[in-house]
Every structure is written in C-alpha cells, then in structure tokens.
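Remarks on the structure that follows.
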Amino acid sequence: MSAPLTHTYRSGEVHRFDAQGQDFIYLVSAGAIFALDGAVGEVLSMLDGVEMAHGDLITALTGSGYSAADAEDLVRELRLARVIVSDQTVAAPAPAKPEGDYPLQALVLNITNQCNLACTYCYEFGADKIATPNGKPKYMTIDTAKASVDLLLAQSGGRPAVHITFFGGETLMNFPLLRQVVAYATDQATAQGRTITFSLTTNATLLTDDIIEFLATEQIGVTVSIDGPKEMQDKRRVYKSGKGSYDVIEPKLRKLIARHRTRAITARVTLSKGVTDVVSIFRHLREDIGFHEVGFAPVTESGEQAYALGEEGMVTVLEQFHLLADEWLDYALKGRMHGFSNVSETIGELVQGTNKSHPCGAGLGLLGVSPSGDLSPCHRFTDADSHVMGHVSSGIDRKAQGEFLAKGHVGAKYECQSCWARPLCAGGCHHEAFVRYGDTGHANLHYCDWIREWTDTCLKIQGTLAVQNPEFLEKFAERKGLS
Amino acid sequence: MKHLRPINQKAKAIDASVEAQTAAMQEDVVALQQQVRPHVPMGCTLSFSPGWEVDASGGTAGLCQPVERDIYDCYVTCFWPVQVPDHVNYSPDWASNCSAAAKDWRSLDIIFP
C-alpha cells in the first residue's frame, strides 16, 4: 500500500492585528483582509515560528476539542486561502508584471517649467533637482500639447475615460494653452465617443475670477500646493525676493472654493523641517479655508538638506497623523467624510485589496510630458535627460519603459520581500528613490518603519469599520486605487 | 469559508475561489485508500511508461489505471511469459495502434488470453 502524501505546514505571510476585540489578518501574498475566529488564531499561534506535520496539527487541534473532521476542514480552508502554506504547495507568485503595451490612462502635461515662486525645497529647481532644462523650451506649444492628447487617446487602448493633469512649473503661467488643450482634447475624445477629464496642480498665486470661472465650468479638479497657515506657508513657499506667498493666495483660495463646486478642491502639503504641525495645518486648510481634502507628504530630498524632516520630524508627523486618523475614524463611524486624504487614500486601496507590482502608475498607465514633448515616467522626472521615455511625436520608448518597470517591480526589490506592507508600498516613490539612492529601483528604506506603522493604523481603522460601520467602507469600493 | 470572514474585495475573491475548490473536491474522484487528505491529482507520475508508473506517494494504488492492466514495457522490451500480451506468439498486433506511447497509450487495450 502506498503512504498518503504528507504535508508540513508553516504560517503563511500574514500580518495580524485587532480592532474592537476582533482578530484580523492581512494576507500579504494577496492584499486580502480576513476576520478570524478563535480556531484560526489557535492554528496561527501553533505555527508561530515552527513547522508542523499535518498529522501533528490535526492531533493538536483535536486535543483542543475540535472533532477530527472539523480540524481537517479548518486546515484545508486555511491551506486553500494560503493563510498556512505546505511544503508541498507552490509559492504564491509575485504580482504579475503588467503587459508590455499596458494602456495609458493619464498624462501629466508640464505645460511650463517656469515658476513665479522659488520654494526652497522644490524638487524641480531646488538643491536636489534632477531636471536638465537648459536649452529646452520653457513653455509647451499647442502643437506639442495636441500631439500629447493624440498620443494619450491612441495609446489608451480604448479605455472609455482618460485623464489629463496640467502641471508645471507653475501651471497657470501657461493658462492660455491650458484653455486650448481642454477644448481640443474634449473635441477629440467626444469624436471617439470617449470621455476625458482634467485636473491641475497650482500654487494659486495666479488665480483670477476668470480662471476660477473656467475651472468650475469645465469641471477641472484643482490641487493646490500649500503648506498651511501663514507662518508655515511663508517659511519655504516664497517668491524669488523671499517674500511669502500666503497673503496673495488666501483670498484667491476662498473665492475658488466658494465658486468651484463641480470637483473636489484638495490641498497638498509638503512637510519639511519646522513644518510638522499637521493637526493645525489641517484645521486651517480644512476648516478655515475650506478645502475638501487635505493630503500631506514629507519633502523629497537626498538626506542632506537643511529643510529635511529628519527622524525626529517624522516621529512628530506620525504622532500628529494618529490624532487625525482617530478623528477620521470618529467621522467615519458617523458616516461622514473627514477630509484627511492620507487615511482616505490608504483605505481606498485596502478596501480593494490592492497588491501592487509597482508603487504607482508612473511609466505604466501614467506618463509625464515636458514642455519640449519629451515623455518621462511622471511629472517628477520632467526635463531630466536621465529619464526620457520617448517623445510625443515618436511615441513611447518601449525599451526605456521596460527597463524602468523591470527595475521598479516590487519583486526586484530585495528588502521588500520580507516586508508585510509591500502590497501597498511596493518600495515607494521611484523619484524619491532616485534622489535618495541614485536608483529608481531602490526601495525607500528611510521610511519603511513609518510605512508599516501607518499601514497598520489604517488596517485597524478598516477593521473597526468592518465591525461597526461596514456600509461606510462601501463608499470606497469604487474609488480609484492609484491616485 | 467557515473560519475566515472576508473584509475587503480581494478577500471576497479568495473566499469565492476557496468555496469553488472545496465544492469541486466534493465531486472529485479519489483513491480508495485516501483518507480526508489534501488533494493529489490521480494518475500523476514523473516517469511515463504505461503500466509501470507510480503515483504521487511512490505507490501504485493511486494511478489512473490499475497496475494490473497490461504492461506495455514488458511487451516492447522484454519477454514476460504470463498475463501480458506476447508479441511473439499470440498478440503480435497489440501495440500496432500505439506508435508513440506518450501520445497513444489510450489505444492499448486489455487482452484476455
């Protein structure tokens, strides 16, 4: 007689957490979240750091009071879901590499590389800049813009809806072009029976009543780069003379938010040394000025700049993030949106169970276009000779794109392989990695602990809502995973 | 699933997949000696020689055909005087429909001497 096949089990790659007295796991191989009963907890505890043969595991479970049949069912369920893995099981594959001709979804048009501000930390003009704009056009021409639109529509593989983001420099320094592009792109998309949506990022200094009217009428999403109340905004977001920009933008922002109701108006805050009081920045921007959503990100720098947040700053920021996260949850339990984007975005991805092959859509569904028409992985690589990925006239350079994506794939980042937060992080921003380590494919090791703690916080929020207000999570089901 | 409750969309997809696999197992063919065990496909073997394969556990009880079935290698490469087709005396054409065993093994029939 033959001996039956024997399995030896170990715990799968799971991150355990609890919320409201309920145990959960985040299943790393998939990005799935499950609530557990006591039996699963018991199996995971038995397999904590040790391996057990099938028979031994069944015996241990029957010893705990389960019938043999129940124990077999339990073990099979956990094995099929890969919560436990057998030495006989083929390992779960890393997230698949997207197809070589992955269709475009969005373009970021840098319609000018000129700016009327001189923010000291700027990644385009500051100490760590990678852009090489010398001798290149400063303003995009309408021909280049039209070629960009044509490229987007041709390379988007029949997606019913595509998106253009206008960017700079200061975007509104080339507003006449923006206006023409919106008209041209809308006509072209409509002729193909497709829709196209628009957004822009601006420092808000050049907003006028006419521009606000146009943005509202054309339903153009607006993100404003702003660092908070006057004393924080004016620290680094300054004119070339050194004068702060707060007094110029404040009345314009109030007008914008009062008039523009067709799209969310969001604030994007750069945290830097001395600008870490996240809660008061949030209060000012959300409650006083009236932004719908406020998102925060630490400044990108090489690790040596005076404006760097540093370890200490990151700790302060995380503490403040927790305060706002608690508030976010309180709002959510009452069915209300709070406006702290850093939680909303993460929850959006957790609800879907995103398991990323790449940290973001750069070079994949999204490309940047410089004023000259050069393509790049995203707006942060605009005008950088080191990262040209084709030209709007000649198309996407598939070789450069392939190399960029091969480097940036989470499976190519050694340190990420043992990290449970990789389904969402995938190693972090390509541009930040390049500035910090000189390699877009390097994992952003300087914020790993931070990312894990933040992901754990958001998992607990998700768990709490799953127990107390699951309907609220439904609102995120359709929310875009990558933004 | 009984013990895991899906909380996000990916978990729901896994739930559906596990349910489908579990349901498929209820209908599956398993060897008689098999207890309630993780499923091993029947008839899987690493060496192909009709009649001589071993199953995933190294035995012959789990093969897709009974080992007692006529043994091709004995017919082709050696003389085995009992109970297998004899290409010299009474079954000269037994394998004539089987030009490539890996492809045509299904056309080998049982012989009743």
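When +1 charges are put on Lys and Arg Cβ atoms and -1 charges on Asp and Glu Cβ atoms, the dipole computed for region A:216-297 relative to its Cα centre reaches about 220 debye. For region A:156-202, what log10 I(q)/I(0) values come out of the Debye formula at q = 0.14, 0.17, 0.22, 0.30 1/Å, with one point per alpha carbon and no solvent? So the normalised log intensities are -0.36, -0.51, -0.76, -1.08.
Quick one: Debye curve from the C-alpha atoms of region A:23-181, no solvent, what's log10 I(q)/I(0) at q = 0.12, 0.13, 0.15, 0.16 Å⁻¹? Calculated log10 I(q)/I(0) at the listed q: -0.71, -0.75, -0.86, -0.94. The shape of region A:156-267 can be summarised by an equivalent ellipsoid whose semi-axes, obtained from the alpha carbon gyration tensor, come to 29, 14, 12 Å from longest to shortest. Straight-line cross-link reach from A:Lys136 at under 21 Å between alpha-carbon atoms covers these lysines, not counting any fewer than eight positions away in the same chain: A:Lys146.
Compared with the alpha-carbon gap, the fully stretched path from A:Glu312 to A:Asp288 is longer by 5.8 nm at 0.36 nm per residue.
At an R0 of 22 angstrom, the distance between the Cβ atoms of A:Arg179 and A:Arg261 translates into a FRET efficiency of 0.60.
Label-to-label distance for A:Lys230 and A:Lys138 is 3.2 nm, based on points extended 7 Å past Cα in the beta-carbon direction. One compactness figure for region A:363-483 is 1.28, namely its Cα radius of gyration divided by 2.2 N^0.38 Å. Going toward the positive end of the dipole of the protein assembly as shown, with +1 on Lys and Arg Cβ and -1 on Asp and Glu Cβ, which of A:Ser272, A:Met232, A:Leu366 do you reach last? Ranked along the dipole, the leading option is A:Met232. Per the accessible-area calculation with a 1.4 Å probe, the total area buried between chain A and chain B rounds to 2800 Å².
How large is the accessible surface per residue of chain A, computed with a 1.4 Å probe and reported in Å² as a whole number?
40
Each helix, a run of at least 4 DSSP H residues, gives -39500 (n - 2.57); summed and divided by the residues of chain A, these come to -11500 deg cm²/dmol at 222 nm.
Measuring nothing but how far apart in sequence close Cα pairs (under 8 Å, 6+ apart) lie, relative to its length, region A:362-483 scores a relative contact order of 13 percent. For A:Lys252, a cut-off of 29 angstrom between C-alpha atoms picks up these lysines, skipping any fewer than 8 places away in its own chain: A:Lys138, A:Lys230, A:Lys235, A:Lys240, A:Lys243, A:Lys273. Relative to the Cα centre, the charge distribution of chain A, modelled as +1 at Lys and Arg Cβ and -1 at Asp and Glu Cβ, gives a dipole magnitude of about 1560 debye. Annotation for A:Ala91 and A:Lys240: the two label points, set 7 Å from Cα along the Cα-Cβ direction, are 5.5 nm apart.
For the protein assembly as shown, the share of DSSP beta bridges that are antiparallel, to the nearest 5, is 45%.
Across peptide B:15-22, the average count of Cβ atoms from other chains found within 10 Å of a residue's Cβ is 3. Among the protein heavy atoms of chain A, carbon and sulfur supply 51% of the accessible surface, probe 1.4 Å, non-protein parts ignored. Partners of B:Lys10 within straight-line reach, counting lysines whose Cα lies under 23 Å from its Cα and excluding those fewer than 8 residues away in the same chain: A:Lys97, A:Lys356, A:Lys460, A:Lys475, A:Lys480, B:Lys2. Normalised by the number of residues in chain A, the average gap of Cα pairs under 8 Å and 6 or more apart makes the relative contact order 17 percent.
For region A:5-30 versus region A:282-317, the inter-centroid distance based on Cα atoms is 34 Å.
Normalised by residue number, the volume inside the convex hull of the Cα atoms of chain A is 167 Å³ per residue.
The values are calculated or read from the model by the stated rules, or taken from the named source; none is laboratory data. Being a predicted model, the structure only gives us computed values, none of them experimental. Ideal geometry is used to build each Cβ from the backbone, glycine not excepted, and the neighbour counts take in all protein chains shown. To get the accessible areas, we keep the full protein, side chains included, count just its heavy atoms, and leave off ligands, DNA and RNA. Shrake-Rupley method; radii C 1.70, N 1.55, O 1.52, S 1.80 Å.
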